[in-house]
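Novice: Sending over a structure as structure tokens; questions will come in a sec.
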Amino acid sequence: MRRTELFFPRYAWRQPGATRGDERFRRASSLLCSLLLLLLSACSSISPKETAVSKTGESTFKSEPPKKVQAFATPERLKALDTQEAFEYRLGPGDMIGILVWRRPELSQEGILVSPDGFLTVPRIGNIQVLGLSVAEVKALVTSKLEFFYIEPEVTIRVQEFHNNKAFVLGRVSKPGVINFPGKGTLLEALALAGGIPDQNKDTSLTKCAIIRGNDTIIWIDLEDLLRNGNMALNAPVRNNDVIYIPESSDEMVYVLGEVQTPGAIQIRSGMTVLKAVMLAGGLNKNANAEKVFVVRQQTLKGDVIRVDLKKLLESGDFTQNFSLMANDIVYVSPGGMTKFNYAIEKIMPSLQMLNLGFSDLESLGVMERLRSKIWGQSGFINSSSSGATSTTTTTSP
């Protein structure tokens, strides 16, 4: 007898003289094969075929480089950048000048505006370039021009309106725009003149601002240290035409994945740490492994991974690993040892239930009785009583 005939003997198929039981056996055996094939096909998963990369290496899929991490300016660097020993106002477009020449009323004039290109129109002299000059330098220039016509003229220059001591405040302030300083400006003064930082989003973090000076200088200030900790050494001086930019923090996120109650993206808040991020994600769920929490930080295209033991943190109060998080950090909570096993059982149970139903049907059709008779030499059947108990009647042939 061939091996396949052990479970599916030849006489099971309809032959001349075959009984009705043989016919039912054949149909039930086919049903059993179909169920087994269906179960095996259900265990397969989708497996996409990877696209071959061109030899030239050109592709529309490119790795996004990490955002440049700004280094905050230290008090020593701010002091080195402030090269002006004493503040001296320099004339610019929009300033209003008054000129007074002693005993020469025809040369005296009030309300002379500096033109957008930096010229000043003076009686008897005409246009002179005063852009970037101090009041003393303008006085010396006008005096030297008038000496061609008068003997030792006494000239007084007075600035009536100052418009060239300004900065541009942009970003997260109440009144962004141009501000004018009455004297030597500072960062805190600029923020105050711009209406301060709005507090309607109190949960958002207050981390940094940039002072853009000229074409090649950017100074990043740690606002958290300046405003919350009162480190006045970071109150940087502001020069004319500086741009002060406070970025919005609403687009800075950390990502919490794995075995937490509500995984997803979390907006960075003040003092964001690993423990705070996990708690904002709803805390650990029952499947989490508190000893294996990982922080992934993208400093380069490869990134760094650091393991955090939250169990040790909570049991012994060891906060040395409660790291401060940065924008785009990933916090991953690993599953516990039994999680994968439980997951596999949950996925297998529906298949086992289907098999259970299939064997019950086969028993009712008499297939299992015939299999027991041919393989083990037993007869009888398994019947389920109304109370749910199972009774078995078997007889062994000699």
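The values are calculated or read from the model by the stated rules, or taken from the named source; none is laboratory data. None of these values were measured; they are calculated from a predicted model. When we count neighbours, we look across all protein chains shown, and the Cβ atoms used for this are built from the backbone with ideal geometry, even at glycine.
Novice: Can you pull out the residues in segment 247-287 that are at pLDDT below 90, among the hydrophobic types (A, V, I, L, M, F, W, C) and either part of a strand (DSSP E or B) or closer than 30 Å to Gly177 by Cβ (or both)?
Specialist: Met253, Ile268
A quick yes/no check of all residues on (1) buried (at least 17 other Cβ atoms within 10 Å of the Cβ); (2) within 22 Å of Arg172 (Cβ to Cβ):
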| residue | (1), (2) |
| --- | --- |
| Ala236 | yes, yes |
| Asn240 | no, no |
| Val243 | no, yes |
| Gln261 | no, no |
| Met272 | yes, yes |
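Novice: Output the residues belonging to segment 288-311 that are part of a loop (DSSP other than H, G, I, E, B) and either among the basic types (Lys, Arg) or at negative phi (or both).
Specialist: Hits for segment 288-311 are Gln298, Gln299, Thr300, Leu301, Lys302, Asp309.
Novice: On to the next question. Just give me the residues in segment 215-258 being touching a strand residue (DSSP E or B) at 6+ places or on another chain (Cβ under 9 Å), among the small types (Gly, Ala, Ser) and free of Cβ contacts under 8 Å to residues at least 60 places away in the same chain, in sequence order.
Specialist: Ser250
Novice: Got a number for residues in segment 310-334 being surrounded by 11 or more Cβ atoms within 10 Å (Cβ to Cβ), more than 23 Å from the chain's Cα centre (by Cα) and of a type in the set (Asp, Glu)?
Specialist: Result for segment 310-334: 1.
Novice: Here is a follow-up. Residues to consider are Lys184, Lys175; find the one that is in contact (Cβ under 8 Å) with a residue 12 or more places away in the chain and closer than 21 Å to Ala86 by Cβ.
Specialist: Only one candidate passes the filter, namely Lys184.
Novice: Another question, then. For segment 291-304, name all the residues that are out of contact with any strand residue (DSSP E or B) (no Cβ under 6 Å at 6 or more places or on another chain) and at pLDDT 90 or above.
Specialist: Passing the criteria: only Glu291.
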